[in-house]
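The values are calculated or read from the model by the stated rules, or taken from the named source; none is laboratory data. Note that this is a predicted model, so its numbers are computed, not measured. Counting neighbours? That spans all protein chains shown, and the Cβs are built from the backbone with ideal geometry, glycine included. The area values use the complete protein model at the heavy-atom level, side chains included, leaving out ligands, DNA and RNA. Shrake-Rupley method; radii C 1.70, N 1.55, O 1.52, S 1.80 Å.
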Amino acid sequence: MSLIVLIQPGRQNIELMPLKNGSSDASFRSILELQHTSKGPRPFKFKVLDGTNEDLRPPAEAVDLLRMADMILIPKHGDEVHEKDVINLLQGYQLDYEWVDVCRFCLSEGRFQSVDSKSVKFRGDLICENCAMSELYREIHSGTKRMAEEGIERLFQLLLKTKDLDRMLVFLDPKKMDRELTVFDRVTSGMSVDPVNVNGLDLDDRLKKLLPEKLLPVQSLSIRSGLLKKQNQLVVSATATGKTLIGEMAGVNNILEGKGKMLFLVPLVALANQKHDQFTKKYGSIGITTSIKVGQARIKMGKRFKMRTSLDSDIIVGTYEGIDHLLRTGTDYKLGNVGTVVMDEVHMIEDPERGPRLDGLIARLRYLYPKCQFIYLSATVGNPGWLAKGLGSTLIEYEERPVPLERHLLFGGASEKLRLINQLAQEEYNKSSSKGFKGQTIVFAHSRRSCHKLSDALRIPSAPYHAGLPYKQRRKTEEEFAKGNIPVVVTTAALAAGVDFPASQVIFESLVMGNDWITQGEFFQMQGRAGRPDYHDVGVVVVMAEPDKRLGQGESEEQVAFRLLRGEMGPISLQEDEDSGLEQVLVSAAIFDNIQKLKTVESLRLGGGNVDHMLKKLHDMGYLDISDQKIHPTKLGRIMTEHFLNHEQVSIMKEGIISGVEPEDIITNLEVFDRAFFVGADRIAATLNVRLPSRVFQGAAMEMALSGESLGKLDSNTKQKLMNFATDLLTCTCKDTPYCGCPERKFSKRLLQMRCDGASPAEIIETMTARYDVFAYLGDVIEYLETAARNLEAIVKIAEVTNDQHKKKQAKVLLKCIVG
């Protein structure tokens, strides 16, 4: 039997712990008291501990125990006075001993665990890994926020990596941020691709002068795969790798060689505006003209930015719907000879709402322009081979980033997030890259309202940016950010869809967008905004997760963060219901009057279905006339296609006209304006001590306006405005009021009436605020009025079909006053 005796000289007493046969747990724990004699310190009392009991033993047993030991160990850093007495005692009995570094946590529990330079640092000592993890676990669970197992496991991994418990405890406190600890991973840049030298390419010299001397990797891959030989390509590569220039090289070179104009299609009006400005400036110098084709602006708003809209330009930048409208109305002949179609953000084809229309548009363009070169661009496609095959294109795939990406994960609550965003954004703006550009930050917030609240709360200069803002304001923000004058832009997911803000850092203030967690594709799009090769040396992504934040009973934000950071892009899957399929077949029938042609077009659609079945159904619904192999939309069918309506919308309009429903009621039955907010939502919530949604037409907000008890706690001004709101909008007799939809419809009708009374969109908002303490964003009001005008145009035509001249006249009058 081997025996080691550990002697611990403590501040209060001296403890002896015998360890038998290599065990790290003491056979028993005992207390030794010494007395000073003429021969030096000698045992006076010896007590063996058994739980709370003490067994007093003869002092000589302590001496016998020490003499029996094969090794006597004394932990370092004990009490100096008792330590000296122990050494003198052992020397008096001529017993050898050794000094040892031990884990003090183990020692306090009656265990022996030696430590060395590879052990964990904690408050000036070294402790073993097991005790460090136990202490970290205890600290995690002593906080107010629960952390999921993924987060705990992440912290354990960091602890074993850093061997520093002090730093880990700092990590748990957002007020003391350690950037090295918050790093989740680092994504390296660059795959070795020999760059193509532009001077050696078969390009028009005028274009060569506008290009860099050497092409980026994905551009070089595209060239070597036949870009300049009119090869159709699907280019899948990370944001800022130079995909857009691939489309430009093909399109502009085809223009200069007389092979036809370029259509450059994008999903957003804001992106179309930006590309129009860039192409006008860049290619105007070599005599190439650029126009823009987006949805028609019907609402008169005074002076607008002048942009060329002529379809005889060399480059037409348009939204998907803008170009689709040309085809649907039979005016695509005005485009003339098209040599190149560039389809940006083609992964939008899987969007449940817009995807089927994009799928149909691509198929129709491929049929109409069979000799045209098609270039499809995307940063996020999980199954690019399948998509390339379906689009009849060569796949050009480059998975590397243009600059390295450093991704961080932080945990904290709402107030902590605000402080951290200020700190991180300021630190980033204080830096300058090797290219001479300051670091700028994009912060993604979960709603438009949050954009403004967060931007207003930040100490560092910032600007909100979202689709609800006027175009002039958005454009000014884009320009000032590009000049480096705005350190921070706070935006929604809309910015992820391609609007170019040269940011070095992206911060996710929330992983919620709207009413749901962001998807893997959205996350990759959004993080891809960090770092530009012409501006920055590295991109930084910061994900802020609130451990106990959940949507319903599902995942916590912390769990979502780990899922997104570890995730990979899933395969694209088209989500098309029968109504969407019927719409696309009807649109193609309006363009191609032959069943065989239509079937060919449908075969080009990724989501194409049973054509014969859909033709029969469209005929039975009254949208299509079929005669042998000839097909013609009925008047109702043509209205449906030209106005981008679905069957349900057409039915509401038609039945409303036949039933004598007033045009404004038909409009509000189709779509209501619900993007209205209480001005003082936070103040009201604090007064009532409730969680109040900022949106007016959410249940809790309307219930509060109906509650006399709640109103009684508010100041007189707020109380009066909420009473106005309840009186004007919440007085219906529906059984399920206020959730019946009546409040939203009444509010929308008041908005339309104010417009007909001559109010501008801005004046409408002022009136709403004055009467109800409710506000809306100018862009949202304009968008609703535009939608109302488009629907009224359709109602006028449907009234013609039903031969209701009275409704036609009413709708025309309402349309005229809404347009202004």
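Here are the numbers for the structure shown:
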quantity: Phi-based couplings in Hz for segment 18-32 (Karplus 6.51, -1.76, 1.60; Gly and Pro marked x); calculated: x, 10, 9, 6, x, 5, 8, 9, 5, 4, 7, 10, 9, 10, 10
quantity: Relative contact order (%) - criterion: Cα under 8 Å, at least six apart; region: segment 60-101; calculated: 55 percent
quantity: Segment 581-649: C-alpha gyration tensor shape, a/c 1.5 cut-off, then a/b vs b/c; calculated: oblate
quantity: Per residue value of the accessible surface for segment 2-66 (all protein chains in place, 1.4 Å probe), Å²; calculated: 55 Å²
quantity: Sulfur and carbon atoms: percent of accessible area, the chain [1.4 Å]; calculated: 48 percent
quantity: Gyration tensor (alpha-carbon) shape descriptor, segment 3-109, a/c threshold 1.5; calculated: rounded
quantity: Summed side-chain charge close to Glu427 - residues other than Glu427 whose Cβ falls under 12 Å, Lys, Arg +1, Asp, Glu -1; calculated: +2
quantity: Angle between the chain longest axis and helix 742-756 axis [Cα atoms, degrees, rounded to 10]; calculated: 50 degrees
quantity: Neighbourhood net charge (14 Å Cβ-Cβ; Lys/Arg +1, Asp/Glu -1) for Leu245; calculated: +1
quantity: Over segment 431-479, relative contact order from alpha-carbon pairs under 8 Å, at least 6 apart, %; calculated: 20 percent
quantity: Cysteines not pairable in the chain (beta carbon separation under 4.7 Å absent); calculated: Cys131, Cys372, Cys451
quantity: Nearest-ten-degree value, helix 269-283 long axis tilted from longest Cα axis of the chain; calculated: 80 degrees
quantity: For segment 664-819: rounded, prolate or oblate by the Cα gyration tensor [a/c cutoff 1.5]; calculated: prolate
quantity: Most positive-pole-ward Cα, Val774, Ile74, Phe156, against dipole of the chain from beta carbon charges; calculated: Val774
quantity: Dipole magnitude (debye, nearest 20) for segment 664-819, charges at Cβ of Lys, Arg, Asp, Glu; calculated: 240 debye
quantity: Under-5 Å amide H pairs with Asp593, H placed in peptide plane, nonlocal only; calculated: none
quantity: Chain lengthening between Arg691 and Ser707 when straightened (0.36 nm per residue, less Cα-Cα); calculated: 4.3 nm
quantity: Summed side-chain charge close to Asp625 - residues other than Asp625 whose Cβ falls under 13 Å, Lys, Arg +1, Asp, Glu -1; calculated: +1
quantity: Proximal lysines to Lys45, defined as alpha-carbon separation beneath 21 angstrom and excluding residues fewer than eight positions away on the same chain; calculated: Lys84
quantity: Alpha-carbon centroids, segment 769-820 and segment 368-392: separation in whole Å; calculated: 39 Å
quantity: For the chain, size of Cβ-based charge dipole, Lys and Arg +1, Asp and Glu -1, in debye; calculated: 2840 debye
quantity: 0 to 90° range, to nearest 10: angle between helix 716-729 axis and the chain longest Cα axis; calculated: 50 degrees
quantity: Relative contact order for the chain, counting Cα pairs under 8 Å that sit 6 or more residues apart, in percent; calculated: 9 percent
quantity: Cα-based convex hull, the chain, per residue volume (Å³, whole number); calculated: 235 Å³
quantity: Alpha-carbon centroids, segment 452-526 and segment 552-580: separation in whole Å; calculated: 22 Å
quantity: Beta bridge orientation in the chain: antiparallel %, DSSP, nearest 5; calculated: 45 percent
quantity: Helical mean residue ellipticity (222 nm; -39500 (n - 2.57) per DSSP H run of 4+; nearest 500) of the chain; calculated: -13000 deg cm²/dmol
quantity: Exposure rank, largest accessible area first [Thr52, Thr769, Thr477; 1.4 Å]; calculated: Thr52, Thr769, Thr477
